[in-house]
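Below is one structure, written out as C-alpha cells; the observations come after it.
The values are calculated or read from the model by the stated rules, or taken from the named source; none is laboratory data. The structure presented is a predicted model; accordingly, all values stated were derived computationally and were not measured. Quick reminder, even Gly has a Cβ in these numbers, built from the backbone with ideal geometry, and neighbours come from all protein chains shown. Quick note on the areas: whole protein, heavy atoms, side chains included, nothing else; ligands and nucleic acids left out. Shrake-Rupley method; radii C 1.70, N 1.55, O 1.52, S 1.80 Å.
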Amino acid sequence: MDKVASLDVRAARAEDLTALLTLYRQLNPDDPAMAEHDALARFKEVLAHPGMTIFIARANDVAVSSVTLVVIPNLTRGAKPYALIENVVTHADHRQRGYARALIEKAITTAWDVGCYKVMLLTGSTEAATLRFYANCGFSQNKTGFQIRRP
C-alpha cells in the first residue's frame with residue numbers, strides 16, 4: 001500500500017489553526033506562544049492574503065504536516081509570477097512517510113497551475129538528509145540566499 005494513500009492534502013481553513021500551531025511548535029520550538037485571539041487574528045490575515053496558501057496534510061484525521069506557498073506577482077520573465085515555499089514541517093511522530101513530499105508536490109503543482117516560472121525554497125537546515133530530501137523533491141541548490149533578521 002502507498003504510504004500516503006490515506007492522506008488528505010488541502011488548503012488550511014479556519015478550523016485548522018490549533019493543529020497548525022502544534023505543527024509550528026515542532027518547526028520553531030523556541031517561538032513564544034501567541035495569545036489565542038492574536039493567533040486567530042493573524043491566521044485570518046493569512047487566509048485572506050492574496051497568493052498565500054497554507055497546505056495541511058491529515059492522516060487519519062490527524063494534522064501531520066504543513067507547507068506554506070506564496071505566489072508573488074512579477075514584472076520580469078514575461079510578467080510571470082514566482083513562488084516561495086516556506087514553513088515546511090512534519091510532526092516528529094509522522095516523519096519518513098512521504099507526507100512533506102506530498103505537500104511540496106501539491107504546492108509546486110499549484111504554482112505551475114497559476115503560471116509561476118519558478119518555485120523557490122529556503123531552508124535553515126544544514127543536515128545532509130534535509131538537503132537531499134529537497135533535492136529529491138526536484139529543487140536545485142543553484143542560487144545563493146541571503147537574509148537579514150530584525151534585531
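Within segment 110-146, the set of residues being of a type in the set (Val, Ile, Thr), under 16 Å from the mean Cα position of the chain (by Cα) and farther than 26 Å from Pro50 by Cβ comprises Thr130 only.
Among residues of segment 121-134 that are over 23 Å from Ile148 (Cβ atoms) and touching a residue at least 24 places away in the same chain (Cβ under 8 Å), those with a beta-carbon under 8 Å from a residue that is assigned to a helix (DSSP H, G or I) and open to solvent by 50 Å² or more (accessible area, probe 1.4 Å) at least six positions away or on a different chain give the pairs Phe133/Arg101. Among the residues of segment 86-94, is there at least one that is over 19 Å from Ala59 (Cβ atoms) and without any contact (Cβ under 8 Å) to a residue 60 or more places away in the chain? Looking for residues that are over 19 Å from Ala59 (Cβ atoms) and without any contact (Cβ under 8 Å) to a residue 60 or more places away in the chain, one finds at least one in segment 86-94, hence yes. Each residue in segment 128-151 was checked for being loosely packed, with under 11 Cβ neighbours inside 10 Å and over 20 Å from Thr109 (Cα atoms), and 13 of them qualify.
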